[in-house]
Structure formats: structure tokens, C-alpha cells
Amino acid sequence: MTKQTERHLPRRSSSSASILASLLAAVMLAAGLAALATPCFADEPPKPDPSGIATGDKTTAVDAAGNPFVVPEPTDKAAPDYAANKKAFDDYQAQAAKEPLAVKLADSVGHVRVATNFAWTLNTGYLVLFMQAGFALLTCGLVRKKNVAHLMMLNFAAYVFAFLAYYAVGYAFQFGAVAINAAPTNLGGIPGLNKFLIGSGQWGFVGGKGFFLVGPAYDSASNCLTLFEVVFMETAGYIIVGAICERISFWAFLLCELFIGAILYPVSGCWTWGGGWLSQVGSTLNLGHGYVDFAGSTVVHAVGGFAAMALAIILGPRLGKYGPGGRIRVFPAHNIVYVVTGTFILLFGWMGFNPGSTLGATDLRISVVAVNTNLAAVAGSAAAMLVWYFLFGKPDITMACNGMLAGLVAITAPCAFVSPTSAVVIGALAGCLVCGGVLFNDRFLKIDDPCGAISVHGYCGWLGAVSVGVFADGAYGAGWNGVGATSYLGRSGLGVTGLLHGDTRQFWCQLMGATLYAAWAFGATYAVFWSVNKVKSMRVAPEVEEEGLDVPEFGMPAYPEDAIAPASY
């Protein structure tokens, strides 16, 4: 190590370390107490299946229409169709007793179906994980050279620390009650995760089982879901990097990631994907199929985008961003190749993000989802190019890339419920919105967002969820959130339906839910980190920001050759 490098190594801050250590200790202690308070799953049926031997049998064998092989035993003797259902059950039992080979064959078919869905879900999860490389290249390409190593460290550390927080408590908060109203049947179901920590029944707010992935969470189906869902949480964690870079200290960033992985993302994720109250308003408040967000326009992207907005406001703009009279200074991207390459990696990863959210290759709607995702991406990029050309006389490649990401974010919620033509319209709207959002933040709100993350993920995430309530055509989602399994709006097998196709209630539900997610992410993040910032500034010292964060924060520049005098070449 050279003397020059050693001189710039960051000094340890005892107050920073103590804050970080305290938060880690608090998270682990809370998780440990919750785990101890949860009854041991081994004492209650059904038992978890970590080996994967029992997961998937005749109960998961279905035909192409989703009709099960096994006839369930009716339990409600007062039901008007009890006699007919009881006869069907008795006939099935008698037939199964006479034809044990058929039952064994059904067991094999059910296991293969679940195994196929496992493989699909895990592989699409790996695609989403690869999006981290795309985010890293995109954000690093958009910032100045003196901060690139810092950006890479933020992207890397986001995965490490947010994952640990999600493992400890986040997964339990999000999916600890998933079996109550939203069991992932494509994966064989997870009946042991069936307890809310806050709330109950159709008014559950936070899951209460599966801390540290023990008990019922130590199960093959649960771990398959864990892998897929943790990379979604990580996406929300990456999003904030683009809005707070070039000025946030490393210790403060780690606090942000722990907060997102342990609390912000999983709590609100439970509301929609964990069987929580927002998914059930279709039944409780007669609001369509309840709140619907297929792959996370709001559950993932708006949460990350509006959390980023709160953090950017707390940190304030970068030095020199606004001159006298509010004059805007543009900091150009230092590497366009990184920006474009990162964007295409993200597009590739999104082929896991959206189609993978079926949690099963046996759901053949995956082909429609994939086409819709790509169409919205190119429509968003085309719209952004044209808007920028109209406004400034030249297209901007960085805005074209942001337009593509905006289209991807906006189609993430409605991708399974709309036609390809609607996907093009949604993508185009997002491409226009992201341009307007960047200009609005820069010129009117004076929020310094170096990578446009607030517009791409926050504003366009909100648009995507509302688009479900406008464009959903009813072709998919019959029985979604327990609504309309047999008929809806007087039609048999009608799925999630939006305003243009006759369901005003779904529109109001989506508008309410999307706005709630924006308010939750912004409000909770602002409250927590405004307080943290009062205790100790989350921002690096002005002289560090002027020099660039690479050497003062981490002791090494991303481009060491830039510091070498020409004579030494």
C-alpha cells in the first residue's frame, strides 16, 4: 500500500459504527424473540419438507383448465350442494381404492408438475439476480469518474446487507402468513406459513412465521419462493443507489439497505403478495379483484423509487448542481457504453422478473407476459427519444435508456392482464412520463437525482399499477385473490378487468393502492432517516465530495491511471 493511498483511507467513526451495530443488533434481537415466540412447526401438521420428497403429489395434479385430480372432502353440511359434493368425494375415494396405480401415477404427475415449476421459478430468479450487474453498469456509467468505485461498492453492498436483513426478519414479515389467502400453489403450497404477526384473517398486515428461515420456512417450496422473492427485494434496494449517489456516506447507505430489507419492503409486500389486507379488499370492500400488482410496479419499484425520493431530499443536491438563481448545472455521464450495456442487461433480466412471477412454467400465460414486457420496453424507449427530440432538437441516449426502463417498470404490474396493444400504449405513456418526471424533479422540485431513478421507478411504478385498473381485459386472473373463480361481472371465468372493459371498482382499487404505496415508501423512509440525519449527517464532508468519494471512502480510485502523470507512462 502506498503512502498516498494510506493517507486517504477513511478513518473509522465510532458514532457511525455504533449506529450501524445498534441497528444490526436490534434487527437480530427482534427476529430472535419473534422466532422464539413462534411455536415449533414440528409439533403441528403438516410438517415442512426440506428434502422435497413429499412436495408435489396427486393433490397438485391438475388438467389444463386447472381442475384438480383429487376431490376434496366437503365439510359444511349446511351448504346446499353438500350432498352432491359428498357423493363426488365418496365416488373418488372408492375409485382410488380400486385403482391404486392411477393414484400413484397422479402422485408422479403432481410431483413432476411442481418440479417443473420449481425449475422455472429458480431459473427466472437467477435472471433477476443478474439484473444487479445491469444496475451497477447503468448507475456507474451515469456518474462522474471520481465516484465510480463508490457506486460499485454501493451496488455490491446492497445485495450483501439487504439479503441478511431479509433472511433474518424480512421474509417472515412478507410471507409468514402466505398460506392463509395466497398460497403459491404452483410450488406445491406452503401451509405452515400461516400466521400474521399483526392482524388476522383478511385484515392481516405483517407476517409472523419463518424468521431466520427456520421452522415452516425450512421447506423446499418455501426456499424456492425465498430465492425468487429475495431478488425482488434486492431490486428495491438497488433503486435508491441511482438517486443518492455521489454524496452519501457508506455507513448511512448500509442503514438504508438494512431498513429496506428488514422493514420497508417486506411489510408493504405482505399487503399484496403475502395474503395481506390490500389483496383482500375485493372480498372485504367489494373493490374488484382486490389490489393487483402482478410482478411489482409498486410493490418493488415504486417502493424503491419513492424511498429514493425521500433520501434525495434529506441529503440535498450535489455540490454545484444548482448555481445562482437556481441555474441547473448538468453533470454528464462519463461512460455511455456502460449505460447502454447495463440497460440491455436489465431488459434481459426482466425476462425473469415478469414471466417468472407466474411461479410456474405450467402457467402458459408466460408467453403473453414476455411479449408484453418487450413491447412496453421498446415503446417506452421510442417515446422518450421522440419527446427529447421534440423538446431539445436532439435525441438523448441516456433518456432513451431511461425510457426503456420506464416502459419495463410500468408494464410490470399489468403484464399478465393486458393485450399486446395495451402494452405498447402503457410503455409509450411511461416513456413520456419519465421525461416529464426528470425535468419536473430537476427544475421545479429541485431534487437532484443523478440517474433518474425517482422518475423511472417511482412515477412509472405508480403508473403501472394504475394501468391495471384501466387496461386489464379480463382474459387472465379468474379467481385472483379469491374473487371471481366461477363468474365475475356476470361472466363465467372473467379475470382481472379494468375501466376500459367495464370494471370501475378495479380502477379505484388500483388508484388507491398505488398511491398508498407511494405514500408509505416516502413517508416511512423520510421519518426514519430524517431522524438519523439529525443524529449524524448521512452526507460525506464537502471536501470529500469535491475530491470524489472513491479514495476518501474506500482508499482506491476506479481509474488509477487518471492519477498518473503523463511523464510516467
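A short reminder: the numbers here are calculations on the coordinates, not readings from a lab. Owing to the predicted nature of the structure, the values given are computational and were not obtained by experimental measurement. Backbone-built Cβ (ideal geometry, glycine too); neighbour counts: all protein chains shown.
Applying a threshold of 20 Å to the alpha-carbon distances of Lys145/Lys321; Lys47/Lys195; Lys47/Lys87 flags Lys47/Lys87 as lying beyond it. Amide H contacts under 5 Å for Val206: Leu197, Ile198, restricted to partners 5 or more places along the chain or on a different chain, H placed in the peptide plane at 1.01 Å from N. For Ile328, which sequence-distant residues (separation of 5 or more, or a different chain) have an amide H within less than 5 Å of its own amide H, given hydrogens modelled in the peptide plane? HN-HN under 5 Å from Ile328: Gly323.
Multiply the residue separation of Val62 and Met556 by 0.36 nm, subtract the distance between their alpha-carbon atoms, and state the gained length in nm to one decimal. Could you put the intermediate results ahead of the total?
Working: separation 494, 0.36 × 494 = 177.84 nm, distance 5.76 nm.
Contour length minus the Cα-Cα distance gives 172.1 nm.
Quick one: which of 47-54, 154-161 comes out on top by average Cβ neighbours within 10 Å, and what's the full order, highest first? Intermediate values should be presented prior to the final figure.
Numbers: 47-54: 14.8, 154-161: 19.9.
Ranked from most to least packed, the peptides come out as 154-161, 47-54.
Dividing the convex hull volume of the alpha-carbon atoms in the range 58-108 by its residue count gives 80 Å³ per residue.
Amide hydrogen proximity for Gly477: with H placed 1.01 Å from N in the peptide plane, the residues at 5 or more positions away or on another chain lying under 5 Å are Val496.
With the simple spin-label model, which puts each label point 7 Å out from Cα in the Cβ direction, the Lys446 to Phe392 separation comes to 2.2 nm. The calculated Kirkwood hydrodynamic radius for the range 166-251 is 13.8 Å, given to one decimal from all distinct C-alpha pairs. Whole-Hz Karplus values for the range 364-372 come out as 6, 5, 4, 5, 5, 4, 5, 5, 4 Hz, taken residue by residue from phi with 6.51 cos²θ - 1.76 cosθ + 1.60 and θ = phi - 60°; glycine and proline positions read x.
For the range 109-554, the calculated P(r), taken from all Cα-Cα distances in 10 Å bins from zero up to the bin holding the longest distance, is 5, 23, 34, 25, 11, 3, 0, 0 percent. When the trypsin sites (Lys or Arg not before Pro) in the range 292-359 are filtered for DSSP coil states and for at most 15 other beta-carbon atoms within 10 Å of their beta-carbon, the remaining sites are Arg327, Arg329.
Counting only helical runs of four or more DSSP H residues, what would the 222 nm mean residue ellipticity of the chain come to if each run contributes -39,500 (n - 2.57) and the total is spread over all its residues? Write down the numbers at each step before the final one.
Working: 21 runs with 314 residues, N = 569.
Counting only the DSSP helices, I get -18000 deg cm²/dmol.
Ordered by the count of other Cβ atoms within 10 Å of each Cβ, fewest first, Ile244, Ile454, Ile314, Ile198 give Ile198, Ile314, Ile244, Ile454. Across the options Ala83, Pro68, Leu105, the greatest Cα extent toward the positive end of the charge dipole of the range 58-108 (unit charges at beta carbon of Lys, Arg, Asp, Glu) belongs to Leu105. Here the gap between Ala94 and Ala115, fully extended at 0.36 nm per residue and compared with their Cα-Cα distance, gives a gain of 4.7 nm. A simple rule links phi to the HN-Hα coupling: the Karplus curve 6.51 cos²θ - 1.76 cosθ + 1.60 with θ = phi - 60°, which for the range 261-274 gives x, 9, 10, 4, 6, x, 4, 6, x, 4, 4, 10, 9, x Hz, with x for Gly and Pro. One decimal place: the segment Glu546-Asn123 gains 148.0 nm when fully extended, by the rule 0.36 nm per residue minus the C-alpha distance.
Across the chain, C-alpha contacts under 8 Å between residues 6 or more apart give a mean separation that, scaled by the residue count, equals a relative contact order of 18 percent. The P(r) of the range 54-203 has a tail past 23 Å containing 61 percent of all C-alpha pairs.
Hey, got the dipole for the chain? About the Cα centre, +1 on K and R Cβ, -1 on D and E Cβ, debye to the nearest 20? All intermediate terms of the calculation are to be shown ahead of the outcome.
Numbers: 31 positive and 34 negative charges, 218 e Å.
That gives the chain a dipole magnitude of about 1040 debye.
A simple spin-label model places pseudo-atoms 7 Å from Cα toward Cβ; at Leu511 and Tyr218 they are separated by 5.0 nm.
Averaging the sequence gap over all C-alpha pairs within less than 8 Å and six or more residues apart, then dividing by the number of residues, gives the range 58-108 a relative contact order of 39 percent.
Take each of the peptides 387-394, 407-414, 61-68, average the number of other beta-carbon atoms within 10 Å over its residues, and list them starting from the highest.
Working: 387-394: 13.2, 407-414: 34.1, 61-68: 11.8.
Per-residue Cβ counts within 10 Å, averaged per peptide and sorted highest first, yield 407-414, 387-394, 61-68.
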